[in-house]
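What follows is calculated from the coordinates using simple rules that are stated; it is not laboratory data. If you're wondering where the values come from, they're calculated on a predicted model, not measured in any experiment. Positions of Cβ are backbone-derived with ideal geometry, glycine not excepted, and every protein chain shown enters the neighbour counts.
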Amino acid sequence: MKKSDKSLLNALEEYGYPLFSSETINPNLVLSELVERKDPRLLEGFSVVLAHVIAKPESQFNLAIATENLKNISDRKLIRALYRLSCELFRLYGLEFPSLKFKDMAYDKQLADGLLKGEPLHLENITMDSQRVKQTFLRYVVQNKEHLSRREEERLELKEEFRKEYLLSLLLTPRQKELFNKRLKTEPFTKTEREYFSRVVKKKLQALADPDLHRLAQKALSM
């Protein structure tokens, strides 16, 4: 593997599309190199890299600069086509980024239809499998979007929610958690649910809420 290849792969990992294994490279250069390689697998990740690049409010992405990095005219056309494809993926999955709003996104009806219908995508002299493009984007961006441009308070809220669910799972069964949440939302119980909550769940919650027990638990944990 050439040194430049290794640098590109490291940069791809940093920008959300790990192929093998991070030195920081200007994101415009990363996107330009992706286009120059014309490697189908790398090109499938163009939208992934772009999504991670523009996720930060201080994003350095500039399509004009990325295009100028390319000497070949066909490569310049290709990077613009890949940018339009990325915008259609962002629309398709309802993603917005601090540095790129819907009103600023390029639109390409042919690419949009191709993604929706699962048809081959023709970008200049490159043909891409729309299903593979969507699967790659789903895996590295949509299903991983908590690592993208979520505001800090939203990230903290999500973390707190997971923490609460984890701790409750240590004390309550899934059915007991369901009744606990139902009570918090003041939703009505059936007769059976009410009896079970009173007989089992309520006692666990009373023990959990007891200040003396809480103090002893804290003491035991600190020893």
K117 versus K38: modelled label distance in nm, points set 7 Å from Cα along the beta carbon direction: 2.7 nm
statement: Long-range amide H partners of L123, meaning residues 5 or more apart or on another chain whose placed amide H is closer than 5 Å, are M128
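Using the number of other C-beta atoms within 10 angstrom as an exposure proxy, rank D212, D113 with the fewest first. Walk me through the numbers on the way to the answer.
On the way: D212 7, D113 12.
By the 10 Å Cβ count, ascending: D212, D113.
Multiply the residue separation of R91 and N62 by 0.36 nm, subtract the distance between their alpha-carbon atoms, and state the gained length in nm to one decimal.
Taking 0.36 nm per residue and subtracting the Cα distance, the gain is 8.5 nm.
When the chain is fully extended, how far beyond the present Cα-Cα distance does S222 get from Q135, taking 0.36 nm per residue of separation?
Details: separation 87, 0.36 × 87 = 31.32 nm, distance 4.66 nm.
So the chain would gain 26.7 nm between S222 and Q135.
Longer than 28 Å from Cα to Cα, which of K71/K117; K56/K182; K77/K134; K191/K219 are they? Say none if no pair is. Present the calculation step by step, with values, prior to reporting the outcome.
Details: K71/K117 34 Å; K56/K182 38 Å; K77/K134 22 Å; K191/K219 40 Å.
With Cα atoms farther than 28 Å apart: K71/K117; K56/K182; K191/K219.
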message: Just to confirm a number: summing +1 for Lys and Arg and -1 for Asp and Glu over residues other than P188 whose beta-carbon lies under 15 angstrom from that of P188, what do you get?
response: +1
query: How many nm separate the modelled label positions at K71 and R215, each set 7 Å beyond the Cα in the direction of the Cβ?
result: 7.7 nm
Karplus-derived 3J(HN,Hα), 6.51/-1.76/1.60, for each residue of segment 35-51, Hz, glycine and proline x: 5, 4, 5, 6, 7, x, 5, 5, 5, 4, x, 4, 5, 5, 4, 4, 4
task: Treat the count of other C-beta atoms within 10 Å as a stand-in for reagent exposure and order R37, R76 from fewest to most.
output: R37, R76
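Using a Förster radius of 25 Å, what is the FRET efficiency between Q143 and S169 based on their Cβ-Cβ separation? Nearest 0.05, please. Mind dumping the intermediate values first?
Numbers: r = 22 Å, r/R0 = 0.88.
E between Q143 and S169, to the nearest 0.05, is 0.70.
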